[in-house]
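Scroll down for the structure; my scribbles are underneath it.
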Amino acid sequence: MKKALALSTLLSLATIALSGCGGSGVKTIGVLQFGAFEALEKAKNGFVETINASTWKDKVNIEVRSANAVAADNVAMAKTLAATSDLVYGIATPSASALKNAMDSLGYSTPILFSAVTNPSGANLLTNLEKPEGRCTGVVDLGPIEKELELLAKFEGVDKITSMYTSTEVNSVYQAEIAEKWMDAHNIAHTRTTITSASEITSALSSIPSDVDAVFLPTDDTIANSIGMIKSANEERTDKLIIAACDTGMVSGSTIAMGVDYYECGVQAGKMAIKVLEGTAISSIPVESCDKDALVINKTLATSLGITIPESLLNEEGAKII
């Protein structure tokens, strides 16, 4: 009786495993999204809509999980998706890394795609971007940082800039280093203002010294998820700060925002997923860059803060003014 019960249990577990990993003929794609803010929502939508517009629409089951920028939830969701998916898609560096770590711990070779990741090598997702040597590939979201800083420098009196970011996000550190090299080359003084969690955003921005004229915000998931706190803290300052963000989804709390089109990042990742589903090996799918950029100027916020937007910036080709 015990043997029969044990056998029945094993068969039940096998059935569950097969139903979760394409045993019924339907493939499962697990999507892990670190936060629910605009950029990552667009990266998700572009991915899902691309697959749903393909011949795979009725052949896949897409399971979406959002960690709402909670690290512990992100790790737990990654483990669940890793155990039940035939293909996974990590949106933002923390989620892509969590999925890879989960696969490593389980000993699985499930293909991993990513987008909204700025420095995949620095995040240890892979080393060879042209010929991915492991099971990871995806779309890099490194925006036109130098171009954005050139636009920021057009504001009158910008002599000192601070890069504000989450110190534990490797993509943010990477972008801050790029920004600092540009500022060094153009003789602009600079500092760093770092946080470790969203709870520190208000105090960090409030404590920026009055000799700092502007803030550079990289594509930082923690700050993007709480951009309203940046806006509120700046409004409370006596010395208002000109804020430039590397994500147009952060424009509600910024003076200017310039970055990649995250929906297009999702579309590109979706096309990669289709290739994988059709049998193409990850090693044959190079990492891509999202080349579509956008510039948004928050004139309404700037005016309320008493910040004057240069005419040359307002006339920038392709600029959207809100």
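The values are calculated or read from the model by the stated rules, or taken from the named source; none is laboratory data. If you're wondering where the values come from, they're calculated on a predicted model, not measured in any experiment. No Cβ is skipped: glycine too gets one built from the backbone with ideal geometry, and neighbour counts run over all protein chains shown.
Which one of these is at pLDDT 95 or above and either at negative phi or assigned to a loop (DSSP other than H, G, I, E, B) (or both): LEU149, LEU142?
LEU149
Report yes if some residue within the stretch 187-201 is free of Cβ contacts under 8 Å to residues at least 12 places away in the same chain, over 21 Å from GLY228 (Cβ atoms) and not assigned by TED's automatic domain parsing to the domain that holds GLY122; otherwise report no.
Yes - at least one qualifying residue is present in the stretch 187-201.
Hey, among the residues in the stretch 282-322 that are in a loop (DSSP other than H, G, I, E, B) and modelled with pLDDT under 95, which one's nearest to VAL117 (Cα to Cα)?
So, considering only residues that are in a loop (DSSP other than H, G, I, E, B) and modelled with pLDDT under 95, the one nearest to VAL117 (Cα to Cα) is CYS290.
Hey, any hits in the stretch 190-205 for a residue that's surrounded by 18 or more Cβ atoms within 10 Å (Cβ to Cβ) and within 17 Å of the chain's Cα centre (by Cα)?
The answer is no, given that none of the residues of the stretch 190-205 is surrounded by 18 or more Cβ atoms within 10 Å (Cβ to Cβ) and within 17 Å of the chain's Cα centre (by Cα).
Condition check ((1) outside the structural domain of PHE155 (by TED's automatic domain parsing); (2) out of contact with any Ser or Thr (no Cβ under 9 Å at 6 or more places or on another chain); (3) of a type in the set (Gly, Ala, Ser)) across all residues:
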{"position": "ALA281", "(1), (2), (3)": "yes, yes, yes"}
{"position": "GLU288", "(1), (2), (3)": "yes, no, no"}
{"position": "ASN298", "(1), (2), (3)": "no, no, no"}
{"position": "ALA302", "(1), (2), (3)": "no, no, yes"}
{"position": "LEU305", "(1), (2), (3)": "no, no, no"}
{"position": "PRO310", "(1), (2), (3)": "no, yes, no"}
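Could you check the stretch 63-77 and list, in sequence order, the residues that are modelled with pLDDT of 95 or more, of a type outside the set (Lys, Arg) and surrounded by 14 or more Cβ atoms within 10 Å (Cβ to Cβ)?
If the condition is that a residue be modelled with pLDDT of 95 or more, of a type outside the set (Lys, Arg) and surrounded by 14 or more Cβ atoms within 10 Å (Cβ to Cβ), then GLU63, VAL64, SER66, ALA67, ASP73, ASN74, VAL75, ALA76, MET77 are the ones that fit.
Going through the stretch 276-300 one residue at a time, which ones are under 20 Å from ASN52 (Cβ atoms) and crowded, with 17+ Cβ neighbours inside 10 Å?
VAL276, LEU277
Look through ASP221, ASP247 and report the one residue that is modelled with pLDDT under 95, among the acidic types (Asp, Glu), under 24 Å from ILE91 (Cβ atoms) and out of contact with any Pro (no Cβ under 8 Å at 6 or more places or on another chain).
ASP247
Among THR219, THR255, which is closer than 21 Å to ASN45 by Cα, crowded, with 24+ Cβ neighbours inside 10 Å and in the same structural domain as LEU205 (by TED's automatic domain parsing)?
THR219
When you go through (1) under 28 Å from VAL260 (Cα atoms); (2) surrounded by fewer than 23 Cβ atoms within 10 Å (Cβ to Cβ); (3) touching a strand residue (DSSP E or B) at 6+ places or on another chain (Cβ under 7 Å); (4) modelled with pLDDT under 95 one by one for GLY22, which number turns out not to apply?
Going through the list (1) under 28 Å from VAL260 (Cα atoms); (2) surrounded by fewer than 23 Cβ atoms within 10 Å (Cβ to Cβ); (3) touching a strand residue (DSSP E or B) at 6+ places or on another chain (Cβ under 7 Å); (4) modelled with pLDDT under 95, GLY22 breaks only (1).
Could you go through the stretch 213-228 and let me know if any residue there is among the hydroxyl-bearing types (Ser, Thr, Tyr), part of a helix (DSSP H, G or I) and within 26 Å of THR308 (Cβ to Cβ).
no
Among LEU40, LEU87, which is over 26 Å from ALA224 (Cα atoms), touching a strand residue (DSSP E or B) at 6+ places or on another chain (Cβ under 6 Å) and not small (Gly, Ala, Ser)?
Selected residue: LEU87, the only one of LEU40, LEU87 that is over 26 Å from ALA224 (Cα atoms), touching a strand residue (DSSP E or B) at 6+ places or on another chain (Cβ under 6 Å) and not small (Gly, Ala, Ser).
Consider the stretch 247-273. How many of its residues are part of a loop (DSSP other than H, G, I, E, B) and under 17 Å from PHE155 (Cα atoms)?
2
Given (1) without any contact (Cβ under 8 Å) to a residue 40 or more places away in the chain; (2) assigned to a loop (DSSP other than H, G, I, E, B), identify the lone condition not met by GLU130.
GLU130 satisfies every listed condition except (1).
What do you reckon, is MET229 more than 30 Å from PRO111 (Cα to Cα) and not β-branched (Val, Ile, Thr)?
Yes; evaluated as a whole, the condition is true for this residue.
Here are the criteria: (1) touching a residue at least 12 places away in the same chain (Cβ under 8 Å); (2) farther than 24 Å from VAL139 by Cα. Tell me which single one GLU169 does not satisfy.
(2)
In the stretch 152-161, what residues are part of a loop (DSSP other than H, G, I, E, B) and among the charged types (D, E, K, R)?
The answer is LYS154, GLU156, ASP159.
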